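Undergrad: Just passing along the structure, written as structure tokens.
Please treat every number below as a calculation from the coordinates, not as lab data. Bear in mind the structure is a predicted one, so any value in this text is a computation, not a measurement. Reconstructed Cβ throughout: ideal geometry from the backbone, glycine too, with neighbour counts over all protein chains shown.
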Amino acid sequence: MMSRKPTHPGEILLEDVIKPLDLTITEAAKDLGVTRKTLSELVNQKSSLSPEMALRIAKATRTSPASWLNMQTKLDLWKALQYEPKNVLEFPQRKVGDTGKTYIRN
């Protein structure tokens, strides 16, 4: 399990791209072809990164959309692991060489 909460991709975009380029949120949103509200919600971690936004950011920063989506996936998985379900049973396993439907439970 991941111990440290992964960084939101919006925070990375803000701190590593927008601020160093001395862009306003309005300017960056215009460059990305999205509304100021949409970008503001992302960089303020109010919304998740969508595949479409990952494509836009990747194109603007000359990076890969997969790298941006990977950040979001890691964060989503970390959040899910905080509330891991306790009522899930493993699927039954067949005995080696068994062709019937007799299963053993672990």
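Undergrad: Once you list every other residue whose beta carbon is under 12 Å from the beta carbon of L77, what net charge do they have if Lys and Arg are +1 and Asp and Glu are -1?
TA: Values: positive: K5, K74, K79; negative: D76, E84.
Cβ neighbours under 12 Å give a net charge of +1.
Undergrad: Follow-up. I need the trypsin sites (Lys or Arg not before Pro) found in the range 38-96, filtered to DSSP loop residues with at most 13 other beta carbons within 10 Å of theirs.
TA: On the way: sites: K46, R56, K59, R62, K74, K79, K86, R94, K95; in loops: K46, R62, K86, K95.
When the trypsin sites (Lys or Arg not before Pro) of the range 38-96 are filtered for loop state and at most 13 Cβ neighbours within 10 Å, K46, R62, K86, K95 remain.
Undergrad: For the chain, what's the relative contact order in percent, using C-alpha pairs closer than 8 Å and at least 6 residues apart?
TA: Numbers: 87 pairs, mean separation 26.9, N = 106.
Taking the mean separation of contacting Cα pairs over the length of the chain, I get 25 percent.
Undergrad: May I pose another question? Taking the Cα centre of the chain as origin, sum charge times position over the Cβ atoms of Lys and Arg (+1) and Asp and Glu (-1), and report the length of that vector in debye to the nearest 20.
TA: Numbers: 17 positive and 12 negative charges, 92 e Å.
Computed charge dipole of the chain: roughly 440 debye.
Undergrad: Which label belongs to the value computed from this structure, given these candidates for Kirkwood radius over Cα pairs in Å: (1) 15.6; (2) 13.8; (3) 16.5?
TA: Answer label, from the structure shown: (3).
Undergrad: A further question follows. Going by C-beta contacts inside 10 Å, put W78, W68 in order with the fewest on the left. Please report the intermediate quantities before stating the final value.
TA: Details: W78 15, W68 23.
Arranged by neighbour count, lowest to highest, W78, W68 become W78, W68.
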